[in-house]
């Protein structure tokens, strides 16, 4: 978690008032007004007490960007690896989570306002997290995400929307850019002593920077808060998403490096797309009795997916769930206890893809999943500067399928999982704003429907892979974060030893599955962020990741490196000027590209992308901005779908974003 200027602004303002007070006292009595901490300040304070890698990203950190995806918001969050595929689809990985998943995401818990948007089998669409709505995002890497009930290798990302108290008035934003891209946002917040409400609508359309990559979306977010008494309050949330995205598909390396605008011919012929309609309704009720606070709530997520690819996938799902979290503090001891349950039912059908339209029905099944967690943590402060932490997450899950119809052999099946993941940590604070931390933890990741039910054998049969097991890992982490003078930093070193990593390749005939548990693998690296603020008009932001992910004595691949994530990744941004007028050139540098295959025979070339953003205040409450990406028009490969062996005809590569210019205006009334 990086300390930011806006987070300490109230303290600086208070200090200024205290210094100036003696001068004013001779003229008149003065009143010092202390501004209440913002929601971002509260989140930063909470993250600062976590003995591991965390980061809070305020909407102000990406206000001057044309916000297309989470890549635009989390580019300067240490340890978060994001690479574009197309439109709002990105590769999202933390500490090597979901390396072999060439689509969507795995190994992360995604939440909005503390409630998961993952389906009950833990698969999800991060497109449903619309960053343009958020007040801030909370990133808890690895086992540090225990406070969200997450026990995955990657951790959790939580997007927090404003309330009527934090965003009163009307806010308007309009963007226009290359590739016929347009985006608009309108939000409004109102508040009284006992009731507040906030709502927003956004619309987005673009032809995309590749052929067959058009997208459009219409979204609504809103919440209403009620104060029920001195100790109780409740808040209802609603989210509606209509997202339509054409898929341009992957290219060969030669195509990605020479004609990045091109779409995969198969994607065009099948009019491949991923269209989502979703509705989420949730409630969170809080009881505050001083030393004890309790959050309880529930949620319903209804989702419809139309996804023409090799076949036309048509899924309708409903997930329901509930959660609670209790925090108790007395003297030097703090205790947290929480739990969550998600139960989902999916009507999963597949049709022959006839140019993007439904052909004959090929598959119809009822899929049911359940995931439940119970977590707890004890924090003890034996001396003022030292905090000791112990906790754990117990999780169990169930995946069940009943086949109603299949044009090829398919079987019913069920498989159950459970795991306990303990965590131990310490936090040492030798001085104000300087912290050192260490932790040792276990993580467990359950397979989803795509891993549990696979098509294997000859003739091919869709069946339960009974040998599939949860991916487990032990992770050791040490680091420091803080602020001293002009510098603020966030550095973590981690080493994860994995058993049964969920990868996609075939090693022997005894488990002839496309995805199964590997033997021993190792994920280790460095997550570092360093901000320098030598003057009010000068700020340098930097993040660097070192990622060493590899097999450990594998029978087929020895100690080869795992593909997809490069060993070194660096981003920097130099902001010159003030809020009234500023310009910020930025750099993304991958010195050497990652391997594309498990055999480590093909590696993508490295690259450097240069961009620039700028902004200016043109009237009271009205700001303009510009965002220029890939200024030099560099052609490079951003993401890869892994393969065992790669040839020149392997279409597994996604080019980086092409040069684009966008601009917009923000206004608050």
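Where a number appears in this text, it was derived from the coordinates with a stated rule and is not lab data. Only a predicted model underlies this, so the values are computations on that prediction, with no experimental measurement involved. Heads up, the Cβs are rebuilt from the backbone with ideal geometry, glycines too, and the neighbour counts pull from every protein chain shown.
Where the centre of each part is set by its Cα atoms, how far does segment 571-631 sit from segment 78-114, in angstrom?
When both Cα centres are located, 19 Å separates them.
Quote the convex hull volume per residue of segment 38-80, based on C-alpha atoms, as a whole number of Å³.
It is 66 Å³ per residue.
Compute the distribution of all C-alpha to C-alpha distances in segment 280-349, in bins of 5 Å from 0, and list the percent of pairs in each, rounded to whole numbers.
4, 14, 18, 14, 12, 10, 9, 7, 6, 4, 3, 1, 0
How far is it, in nm, from the label point at residue 194 to the one at residue 60 when both lie 7 Å from their Cα along the line to the Cβ?
For the pair residue 194/residue 60, the computed spacing is 3.4 nm.
Based only on Cα atoms, what mean projected area does the convex hull of segment 273-320 have, in nm²?
For segment 273-320, the mean projected area of the Cα convex hull comes to 4.4 nm².
When the chain is fully extended, how far beyond the present Cα-Cα distance does residue 644 get from residue 456, taking 0.36 nm per residue of separation?
Difference between extended and current length: 66.0 nm.
Take segment 233-307, compute every pairwise Cα distance, and split them into 5 Å bins from 0; I just need the percent in each bin.
3, 13, 14, 11, 10, 9, 9, 8, 7, 6, 5, 3, 1
Could you give the semi-axes, largest first, of the ellipsoid that matches segment 179-313, computed as the square roots of 5 times the alpha carbon gyration tensor eigenvalues and rounded to whole Å?
43, 17, 13
Which FRET efficiency value, to the nearest 0.05, is calculated for residue 240 and residue 406 with the Förster distance at 35 angstrom and r the Cβ-Cβ distance?
Once rounded, the FRET efficiency stands at 0.55.
May I ask you to compute the full-extension gain from residue 432 to residue 168, defined as 0.36 nm times their residue separation minus their alpha-carbon distance, rounded to one decimal in nm?
Working it through step by step, the gained length comes to 91.7 nm.
Just grab the label-to-label distance for residue 576 and residue 532, each label 7 Å out from Cα along the Cβ direction, in nm (one decimal).
Those two pseudo-labels are separated by 1.5 nm.
How big, in percent, is the set of alpha carbon pairs in segment 410-458 lying more than 16 Å apart?
Value for segment 410-458: 66 percent of Cα pairs lie more than 16 Å apart.
Quick check: the distance between the Cα centres of segment 283-318 and segment 195-228, to the nearest angstrom?
The two parts, judged by their Cα centres, are 17 Å apart.
Quick check on the chain: helices-only [θ] at 222 nm, where DSSP H runs of length 4 and up contribute -39,500 (n - 2.57) each and the sum goes over total residues. Nearest 500, please.
Helix contribution divided over all residues of the chain: -2000 deg cm²/dmol.
Quote the relative contact order of segment 355-487 in percent (integer), defining contacts as alpha-carbon pairs under 8 Å separated by 6+ residues.
So the answer I get is 21 percent.
Does a label point 7 Å from the Cα of residue 328, set along Cα-to-beta-carbon, have any residues of segment 264-291 with amide nitrogen under 19 Å, and which are they?
286-291
Give, in nm to one decimal, the length gained when the segment between residue 480 and residue 651 is fully stretched (0.36 nm per residue of separation minus the Cα-Cα distance).
Full-extension gain reported as 57.4 nm.
Tell me, what is the FRET efficiency for residue 622 and residue 383 to the nearest 0.05, using R0 = 56 angstrom and their Cβ-Cβ distance as r?
It comes out at approximately 0.65.
Distance in nm between label sites at residue 601 and residue 358, each 7 Å beyond Cα in the beta-carbon direction?
4.4
Over the Cα atoms of segment 122-212, compute the convex hull volume and normalise it per residue, giving Å³.
140
Based on alpha-carbon atoms only, what is the radius of gyration of segment 522-575 relative to the globular estimate 2.2 N^0.38 Å?
Here the Cα radius of gyration is 1.67 times the empirical estimate.
Could you work out the relative contact order of the chain, using alpha carbon pairs under 8 angstrom and six or more residues apart, expressed as a whole percent?
11
Angle, helix 5-25 long axis vs. longest principal axis of the chain, Cα atoms, 0 to 90°, nearest 10?
That works out to roughly 0 degrees.
From zero outward in steps of 10 Å, how is the percent of C-alpha pairs of segment 84-159 spread across the bins?
P(r) for segment 84-159, in whole percents per bin: 21, 56, 23, 0.
With the radius of gyration and the Kirkwood radius both derived from the Cα set of segment 504-611, what is their ratio Rg to Rh?
Ratio value, two decimals: 1.18.
How many percent of the alpha carbon pairs in segment 560-647 exceed a separation of 17 Å?
Looking at segment 560-647, the distances longer than 17 Å represent 60 percent of pairs.
For the pair residue 659 and residue 231, what calculated FRET efficiency results from E = 1/(1 + (r/R0)^6), where r is the Cβ-Cβ distance and R0 = 56 Å, to the nearest 0.05?
0.50
Let me understand segment 361-492 better: what is its radius of gyration from the alpha carbons, and its Dmax, in angstrom?
Answer for segment 361-492, Rg first and Dmax second: 22.6, 68 Å.
Taking Cα pairs under 8 Å and at least six residues apart, what relative contact order does segment 272-385 come out at, in percent?
Relative contact order, segment 272-385: 22 percent.
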